[in-house]
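Accompanying notes for the structure given below.
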Amino acid sequence: DKAKMIVDKDFRIADIDERIYGSFIEHLGRAVYGGIYEPDHPSANENGFRMDVIELVKQLNVPIVRYPGGNMVSAYNWEDGVGPKEERPRRLELAWRTIENNHVGTNEFAQWTKEANSEVMMAVNLGTRGIDAARNLLEYCNHPEGTYYSDLRIKHGYREPHKIKTWCLGNEMDGPWQIGHKTADEYGRLAVETAKAMRLVDPSIELVSCGSSGIQMPTFPEWEAKTLDHTYEYVDFVSLHQYYGNQDNDSANYLAKTMDMDHFIKTVISTCDYIQAKKRSKKKIHLSFDEWNVWYHSKDHDTKLDPWTIAPPQLEDHYNFEDALLVGSMLITLLKHADRVKMACMAQLVNVIAPIMAEQGGSWKQTIFYPYMHASAFGRGVSLQPVVSSPLHDTKDYTDVPYLDSAVVYNEEKEEVTIFALNRHLSESLPLTADVRSFADYSLVEHMVLENDDLKAVNSLNEEKVKPHGNGSAELKDGIIEAQLSKASWNVIRLA
Ligand code: AHR
């Protein structure tokens, strides 16, 4: 069986918002301490930031990083993290049951994102706190000068405002595990009143209303409908979070889980549009898929950790090759919805369920680093809608799963086209014919492949077993690409 694809430059889904290649740093485990910040490490710069880590973040070209949580933000006092370091309190961090010494806070993180060529997506605490703490933090960050909180920032050594544009109204407030968990109406009321006050402080900001913590939540999608009923006219985005794992060791079923992610996105879009219709509004809400990744390898280990230590190794998933394939498919799913998904954050960035690991001996790339890097590098421009036909299969939980999962991106400025293609077949290669005649004078630049005979192969500081090669089989002749996509492989076929 063959897969076929017709690609035409006029079949457009939408311009891709580069912020879909965002990521996430939470005060959790070794993400901050021992991750981005480690003043005693040989690679640290004068601000205590690990330059080896920044170097890898730059390779990923991450446009925006969500901060400071996550579950952690729902009991966080932002004031603890600003001002002279020696005066900052040590606190019990209740979400992950560690000690937070607050050596890194808002200003340091804003500085770090500058050095990493990125931007901050700031989350406010709507768990234990509310309107007041949120509007004060915004004034501290964005107001130029001449008021209590803006002058406090200046006193703390940051003359220029941070100009943070994107703000999340809390985190996973639908989750019973969340500190200050709320019902949809409780959250909706608090979120809209917080949004109103924040917009008075700085009308230029964009706001994200909390959606569901996953498609499996019993309150989904009623949560979206009820909360947006309150927040609709005051926010720009609704969030989605989703993590997958191969707990059952059923790889075919695992690689089909993006069918579920696709369904999740479609349902959230429908729910937003239902509220739009109900309100007779002209406004469309966009989606911020601001936590997504594979997360399951570390769960057992983490239940055994002692509480109240500083920066223990939590959520340190060691990703294997099949995880990289699923991550590629998740990126493809985001690209297919480029018209509505305008932000997304791989959760997270360093050490904690992360593409980048930082150890004493150096930093290194997990398997999932590569599809993320490819999509971020070559997935900018217009998301095209290819007409695709692929052989199908059934798995334990999904029917009619196409072996070929694909997205196509056209970068008009650079005159480049990139086909991202996953072959989900675990034992056979998939022949692909792609008609690209609308790109008449283009030639094939490269066909990169991430493949491995062992679905469970992992990388480490000393050995990179899973990394892409450039020897894919694609050939372009008279506007037709012919390629063999190896069994279980991630492919990046580039034309220019
Ligand atoms: O990213 C890890 C955790 O997953 C976050 O803190 C929380 O928002 C989600 O449940």
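Within 11 Å, Cβ to Cβ, of GLU451, how many net charges do the neighbouring residues add up to if Lys/Arg are +1 and Asp/Glu are -1?
Values: positive: LYS467, LYS487; negative: ASP453, ASP454.
Combined, the nearby Lys, Arg, Asp and Glu give 0.
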**Complete:** Among LYS58/LYS114; LYS284/LYS336; LYS165/LYS279, the pairs whose Cα-Cα distance exceeds 20 Å are LYS165/LYS279
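Compute the Rg/Rh shape ratio of the range 402-489: radius of gyration over Kirkwood radius, all on alpha-carbon atoms. All intermediate terms of the calculation are to be shown ahead of the outcome.
Details: Rg = 14.6 Å, Rh = 14.4 Å.
Checking Rg against Rh, the ratio lands at 1.02.
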**Asked** ASP185 to HIS469: extension gain in nm, 0.36 nm per residue of separation minus the Cα-Cα distance?
**Response** 97.1 nm
**Packing-based ranking, highest mean first, of 104-114, 347-357 given that Cβ atoms within 10 Å are counted** = 347-357, 104-114
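On alpha carbon coordinates alone, what is the Rg over Rh value for the range 354-461, Rh being the Kirkwood radius? Walk me through the numbers on the way to the answer.
Values: Rg = 16.8 Å, Rh = 16.6 Å.
Rg/Rh for the range 354-461 comes to 1.02.
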**Fill in**
Cβ density ranking, 10 Å radius, fewest first, applied to PHE378, PHE264 yields PHE378, PHE264
**Message:** Apply the Karplus curve 6.51 cos²θ - 1.76 cosθ + 1.60, θ = phi - 60°, to the phi angles in the range 464-480 and return the couplings in whole Hz, x for Gly and Pro.
**Reply:** 9, 7, 10, 8, x, 10, x, 9, x, 8, 4, 9, 10, 9, 6, x, 10
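Mean Kyte-Doolittle of at least 0.5 plus a Cα span of 20 Å or more along the axis: flag which DSSP H helices in the chain meet both, please. Before the final figure, lay out the partial values.
Numbers: long enough: 184-201 (25 Å, -0.04); 258-278 (30 Å, -0.03); 321-336 (23 Å, 1.34).
For the chain, where a helix must reach 20 Å along its axis and average at least 0.5, the hits are 321-336.
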**Fill in**
For the TRP308, LEU152 Cβ pair and Förster radius 51 Å, calculated FRET efficiency rounded to 0.05 is 0.95
**Request:** For each pair in LYS299/LYS467; LYS342/LYS396; LYS257/LYS456; LYS226/LYS266; LYS299/LYS456; LYS196/LYS282, compute the distance between the two Cα atoms and list the pairs where it is over 22 Å.
**Result:** LYS299/LYS467; LYS342/LYS396
**Request:** With a Förster radius of 22 Å, plug the Cβ-Cβ distance of SER43 and GLU86 into 1/(1 + (r/R0)^6) and report the FRET value to the nearest 0.05.
**Result:** 0.35
**Request:** Provide, for q = 0.10, 0.12 Å⁻¹, the log10 of I(q)/I(0) from a solvent-free Debye sum over equal Cα point scatterers in the chain.
**Result:** -0.76, -1.09
**Message:** Give me the percent relative contact order of the range 288-417, please, defined on Cα pairs under 8 angstrom at least 6 residues apart.
**Reply:** 24 percent
**Asked** How would you rank 222-230, 193-201, 271-279, highest first, on the average number of other Cβ atoms within 10 Å across their residues?
**Response** 222-230, 193-201, 271-279
**Message:** List the residues, sorted by chain then number, that are 5 or more residues from CYS345 or on another chain and whose placed amide H is less than 5 Å from its amide H.
**Reply:** PHE289, ASP290, GLU291, TRP292
**Request:** Over every pair of different alpha-carbon atoms in the range 322-363, take the mean of 1/r and invert it; report that Kirkwood radius in Å.
**Result:** 11.9 Å
**Prompt:** For the range 15-31, what does the Karplus curve 6.51 cos²θ - 1.76 cosθ + 1.60, with θ = phi - 60°, yield as ³J(HN,Hα) per residue in whole Hz, taken in order and with x for Gly and Pro?
**Reply:** 5, 7, 7, 4, 5, 5, 9, x, 9, 8, 10, 10, 6, 7, x, 9, 5
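Percent antiparallel among DSSP beta bridges with both residues in the chain, to the nearest 5?
On the way: 52 of 88 bridges.
Bridges in the chain that DSSP calls antiparallel: roughly 60 percent.
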**Item:** Unit Cα scatterers, Debye sum, the range 360-421: log10 I(q)/I(0) for q = 0.13, 0.17, 0.19 Å⁻¹
**Value:** -0.54, -0.76, -0.84
**Complete:** With the 8 Å Cα cutoff and a minimum separation of six or more residues, the chain has a relative contact order in percent of 20 percent
**Request:** Collect residues whose amide H, placed 1.01 Å from N in the peptide plane, falls under 5 Å from the amide H of GLY29; neighbours closer than 5 in sequence don't count.
**Result:** GLN314
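I'd like to compare 428-440, 452-464: which one has the highest average count of other Cβ atoms within 10 Å, and what's the full order after that?
Working: 428-440: 17.4, 452-464: 14.2.
Packing proxy ranking, top to bottom: 428-440, 452-464.
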**Request:** Treat the range 2-139 as a sphere of radius equal to its Kirkwood radius over Cα pairs and apply Stokes-Einstein at 37 °C in a medium of 0.692 mPa s; give the translational diffusion coefficient in µm²/s, rounded to a whole number.
**Result:** 196 µm²/s
**Fill in**
Mean separation of Cα contacts under 8 Å (at least 6 apart) over the residue count of the range 122-210, i.e. the relative contact order in percent, is 38 percent
**Message:** Could you work out the percent of alpha carbon pairs in the range 183-242 separated by over 19 Å, rounded to a whole number?
**Reply:** 26 percent
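Calculate, for GLU233 and ASP132, the FRET efficiency according to 1/(1 + (r/R0)^6) with r their C-beta to C-beta distance and R0 30 Å; round to the nearest 0.05. Can you show the working numbers first?
Details: r = 22 Å, r/R0 = 0.74.
Here the calculated transfer efficiency is 0.85.
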**Rounded to whole Hz, the Karplus (6.51, -1.76, 1.60) HN-Hα couplings of the range 167-176, x for glycine and proline** = 10, 9, 7, x, 9, 6, 6, 7, x, x
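Each value in this text was obtained by applying a stated rule to the coordinates, not by laboratory testing. These numbers come from a predicted model, not from an experiment. Using ideal geometry, Cβ is built from the backbone for each residue, glycine included, and neighbour counts are taken over all protein chains shown.
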